[in-house]
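All remarks here apply to the structure that follows.
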Amino acid sequence: VIGSSKVARWAYAVSKLFDEHLALAYQESHGIPVTLLRFFGSYGPRQHLTWWGGPQSVFIDAALDGRAIPVHGDGLQTRSFTFVSDTVEGIYASTVNPAANGEILNLGSTHEITILDLAKMIHRLSGASGEPNIEFVPYESFTGKRYEDVRRRVPDVSLCERLLGVRAKVGLEEGLKRTIDWQREFTAIKEPA
């Protein structure tokens, strides 16, 4: 469901939908197989360490550095996060299996978590002491205008499972532990001695 054109947030969703229409039209016009993949919260080692990498990147950085974890809005919006090896498995399966041609496939984990609970989990898994210091950040403070967040984002992966036999295997806690370990090591290497 796409919201009002007057709300800037929806330009992102509309642009992705437009790209899908273009790709499918290209397939129809030129007979070149196209598979559309929709990724859900892919994360893991070597992720971008800013919001471009997703909230887990920023939360891990804050937890490891002892800073407040910035949570946008009320933190009750839900997301599904998929460890990078599961994402790669889905990409590979979609390239080698002709059943994926012409399909739109959701690649992701169906484990749903609130952003607030994600922040608390990362605080715990990072080994930080005490209660997590959560800083609630109003959307308007960084957008400067009205913003509508997607309240619930969890993929329906049934088509991907049926056509490709692919299902996310790495649990969120295990994936976050691996990512925290990598981010801890990477940050230590980056900082001068």
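Condition check ((1) at pLDDT 95 or above; (2) under 18 Å from the mean Cα position of the chain (by Cα); (3) more than 20 Å from PHE186 (Cα to Cα)) across all residues:
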{"site": "TRP51", "(1), (2), (3)": "no, yes, no"}
{"site": "GLY90", "(1), (2), (3)": "yes, yes, yes"}
{"site": "SER94", "(1), (2), (3)": "yes, no, yes"}
{"site": "PRO98", "(1), (2), (3)": "yes, no, yes"}
{"site": "SER109", "(1), (2), (3)": "yes, yes, yes"}
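Which one is nearest to SER109 (Cα to Cα) among residues in the range 2-18 that are among the hydrophobic types (A, V, I, L, M, F, W, C) and part of a loop (DSSP other than H, G, I, E, B)? Going through the qualifying residues, I end up with ILE2.
Flag not set for VAL166, criterion: closer than 26 Å to ALA63 by Cα and either touching a residue at least 24 places away in the same chain (Cβ under 8 Å) or not aromatic (Phe, Trp, Tyr) (or both). Summed over the range 153-166, residues that are open to solvent by 50 Å² or more (accessible area, probe 1.4 Å) and either touching a Ser or Thr at 6+ places or on another chain (Cβ under 9 Å) or among the aliphatic types (A, V, I, L, M) (or both) total 2. When HIS21 is tested against (1) touching a His at 6+ places or on another chain (Cβ under 9 Å); (2) over 24 Å from TRP182 (Cα atoms), exactly one condition is not met: (1). If you go through the range 114-152 and pick out every residue that is part of a loop (DSSP other than H, G, I, E, B) and either open to solvent by 40 Å² or more (accessible area, probe 1.4 Å) or over 25 Å from ALA11 (Cβ atoms) (or both), you end up with 15.
Okay, residues lined up against (1) touching a Phe, Trp or Tyr at 6+ places or on another chain (Cβ under 8 Å); (2) within 19 Å of LYS177 (Cα to Cα):
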{"residue": "TRP10", "(1), (2)": "no, no"}
{"residue": "GLU28", "(1), (2)": "no, no"}
{"residue": "ARG38", "(1), (2)": "no, no"}
{"residue": "GLY41", "(1), (2)": "yes, yes"}
{"residue": "GLN47", "(1), (2)": "no, yes"}
{"residue": "THR50", "(1), (2)": "no, yes"}
{"residue": "THR87", "(1), (2)": "yes, yes"}
{"residue": "ALA99", "(1), (2)": "no, no"}
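For the residues ILE91, ILE69, the requirement of being touching an Asp or Glu at 6+ places or on another chain (Cβ under 8 Å) and among the hydrophobic types (A, V, I, L, M, F, W, C) singles out ILE69. As for the range 119-135, it holds no residue that is within 26 Å of VAL1 (Cβ to Cβ) and under 19 Å from the mean Cα position of the chain (by Cα). Residues of the range 153-173 that are assigned to a loop (DSSP other than H, G, I, E, B), under 15 Å from the mean Cα position of the chain (by Cα), within 15 Å of SER85 (Cβ to Cβ) and not small (Gly, Ala, Ser): VAL170 alone.
The values are calculated or read from the model by the stated rules, or taken from the named source; none is laboratory data. In this text the structure is predicted, and so the values were computed from the model without any measurement. When we count neighbours, we look across all protein chains shown, and the Cβ atoms used for this are built from the backbone with ideal geometry, even at glycine. Note: accessible area is taken over every heavy atom of the protein model, side chains too, but ligands, DNA and RNA are not part of it. Shrake-Rupley method; radii C 1.70, N 1.55, O 1.52, S 1.80 Å.
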